[in-house]
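First up is the structure itself, then whatever we jot down about it.
The values are calculated or read from the model by the stated rules, or taken from the named source; none is laboratory data. None of these values were measured; they are calculated from a predicted model. We place every Cβ from the backbone using ideal geometry, glycine too, and count neighbours over all the protein chains shown.
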Amino acid sequence: EIRTETVIVDENFNRFLNTKLENGSYIHISISDDGIGMDEEIKKHIFEPFFTTKEVGRGTGLGLASVYGIIKNHKGFIDFYSERFKGTTFNIYLPLSSDEVEEEIEKEDREIVNIPLDKTILIIDDEESIRNNCKEILEKDGMKVLTAKDGIEGIEILEKYNDDVSLVILDMIMPKMSGKDTFIEIKKIDRNIPVILCSGYSEEGEAEEIINMGVDGFLQKPYRMKTLLETIKKILK
């Protein structure tokens, strides 16, 4: 069951939920199920990266960790209530914005997006849906796309096709090899190859260290495919 409502956050609200949100209007999204719930041990680790209750090979444990990071970076808050064999409810609070959404693209950016690129792009991301969606969009735009499900596989592909790859799209949090370690290995192979870092964390947060190491672009998840195309073409134009 999914419910939404607008709530007003003030000192009493923050005190009740033990949060430090800025005062103002928020959208409250409540998502509930009547499943088996969680025991106390699972509750302790629910938002930790790579923690999963699924069997080996069935999940990376990054779903809720990514959700937590995205909500936090949007100055929101997430908590949950769960009872064993009764179900779980997640509560998400995100600040409402009075700003109008800007849909127009600058003329220069529009021209860049409309230029097809005959380049080869390497996507390194552990989320299959992201790899597939990006691959489909980039190939429709005339690019060749190689994909890797983790840093180790990505490095192997880059070593094999280094002369062909023009740019790497790199996820920050992955199993087996972190985005930071993968970036270091990429630069050992080709110090001049452009890298776009993708993360649910903001530029000022966990991603800042890798950005300062010299990435050529940064995209905060979830990002729009149009933004991805713009970023790639600005770097490679």
Worksheet item: With 85, 47, 90 as the choices, which residue is among the aromatic types (Phe, Trp, Tyr), at pLDDT 75 or above, outside the structural domain of residue 173 (by TED's automatic domain parsing) and not in a loop (DSSP other than H, G, I, E, B)?
Response: 90
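This table checks each residue for (1) buried (at least 18 other Cβ atoms within 10 Å of the Cβ); (2) over 27 Å from residue 64 (Cα atoms).
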| residue | (1), (2) |
| --- | --- |
| 130 | yes, no |
| 137 | no, no |
| 151 | yes, no |
| 183 | yes, no |
| 187 | no, yes |
| 195 | yes, no |
| 209 | no, no |
| 233 | yes, yes |
Discussion item. Which pairs turn up if I take residues in region 165-178 that are in contact (Cβ under 8 Å) with a residue 24 or more places away in the chain and look for partners that are of a type in the set (Lys, Arg) with beta carbon separation below 7 Å, at least 6 apart in sequence or on another chain?
Written reply: 166/119; 167/119
Worksheet entry | Single residue of 70, 105, 78, 112 found to be part of a strand (DSSP E or B) and either at pLDDT below 90 or of a type in the set (Val, Ile, Thr) (or both) | 78
Worksheet, complete the sentence: When region 164-177 is checked residue by residue, the ones that are at pLDDT 90 or above, more than 19 Å from residue 67 (Cβ to Cβ) and touching a helix residue (DSSP H, G or I) at 6+ places or on another chain (Cβ under 9 Å) are 165, 166, 167, 168, 169, 170, 177
Discussion item. If residue 229 satisfies all but one of (1) within 14 Å of residue 124 (Cα to Cα); (2) of a type in the set (A, V, I, L, M); (3) part of a helix (DSSP H, G or I), what's the number of the condition it fails?
Written reply: (1)
